[in-house]
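Participant: Here's a structure for you.
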Ligand SMILES: [Zn+2]
């Protein structure tokens, strides 16, 4: 009797575990979020904006950046002006950013700028480590830095944010901090 009870408890546990695995697989699929970006106002930088999105798409699985289809409201708008590159987020995955010519004219690698600014939209803050291997080190890495991809830690952080849909406050980030 006691054995049978233990056996049925084991079966129940096994069934529960399978249930949990199925449920988490369902959650993981549902968590792949598509964010639409509008590059139509980024002037001469449309191709480099697309490249920044593609760089993220090649490194993360829980979120995708796609060009906005006609008639749909974009999550992200991209502009261009003569100031510093900068991003204004409203919430995780939503906001707008500028491809600023001030950094382009100083010689910063354009795909690194665009991938970096998308990184803010994806929930990453600036981390001015000075390292070229860090995408979010931004302008603290040398101007000669041509790394335009998130490192594995940065990619994992973005995947985690979109898995759990962490809320992020509205924020502003500027490529070059004013002293
Ligand atoms: Zn930044």
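Participant: Compute the separation of the alpha-carbon centres of the stretch 89-108 and the stretch 60-82 and state it in Å as a whole number.
Facilitator: 13
Participant: Kindly identify the stretch 33-174 as rounded, prolate or oblate by the Cα gyration tensor criterion: order the square roots of the eigenvalues as a ≥ b ≥ c, call it rounded if a/c is under 1.5, otherwise compare a/b with b/c, prolate if a/b is larger, else oblate.
Facilitator: Oblate is the answer for the stretch 33-174, as a/c is 1.5 or above yet b/c matches or exceeds a/b.
Participant: Something else about it: Any chance you could run the full-extension gain for residue 178 through residue 146? It's 0.36 nm times the residue separation minus the Cα-Cα distance, nm to one decimal.
Facilitator: Fully extending the segment from residue 178 to residue 146 adds 9.2 nm.
Participant: Of all beta bridges DSSP finds with both residues in the stretch 33-174, what is the antiparallel percent, to the nearest 5? Let's see the in-between values first.
Facilitator: Values: 9 of 23 bridges.
Taking every DSSP beta bridge within the stretch 33-174, about 40 percent pair in antiparallel fashion.
Participant: Still on this structure: Once you have the Cα-Cα distance between residue 105 and residue 72, take 0.36 nm times their residue separation minus that, and quote the gain in nm to one decimal.
Facilitator: In short, 8.5 nm is gained.
Participant: When only Cα pairs under 8 Å and 6 or more residues apart are kept, what is the percent relative contact order across the stretch 33-174?
Facilitator: About 25 percent, as a whole number.
Participant: Under a crude label model (7 Å from the Cα following the beta-carbon direction), how far is residue 64 from residue 170 in nanometres?
Facilitator: Here the answer is 3.0 nm between the modelled labels.
Participant: Can you tell me the order of 140-146, 99-105 when each peptide is scored by its average per-residue count of other Cβ atoms within 10 angstrom, highest first? Could you put the intermediate results ahead of the total?
Facilitator: Values: 140-146: 15.1, 99-105: 18.7.
Going from most to least packed, we get 99-105, 140-146.
Participant: Starting from the Cα gyration tensor of the stretch 126-179, take the square roots of the eigenvalues, sort them a ≥ b ≥ c, and report rounded, prolate or oblate (rounded when a/c is under 1.5, otherwise prolate if a/b is larger than b/c, else oblate). Present the calculation step by step, with values, prior to reporting the outcome.
Facilitator: Details: a/c = 3.28, a/b = 1.40, b/c = 2.34.
Verdict is oblate for the stretch 126-179.
Participant: Next up: With a point put 7 Å past each Cα toward its Cβ, work out how far residue 33 is from residue 127 in nm, to one decimal.
Facilitator: Output for this residue pair reads 2.0 nm.
Participant: Here's something else I'd like to know. What's the FRET efficiency of residue 156 with residue 46 using the Cβ-Cβ distance as r and R₀ = 30 Å, to the nearest 0.05?
Facilitator: Between residue 156 and residue 46 the formula returns 0.55.
Every number here is computed from the coordinates shown, using simple stated rules; none is lab data. Since this is a predicted model, take the numbers as computed values, not measurements. No Cβ is skipped: glycine too gets one built from the backbone with ideal geometry, and neighbour counts run over all protein chains shown.
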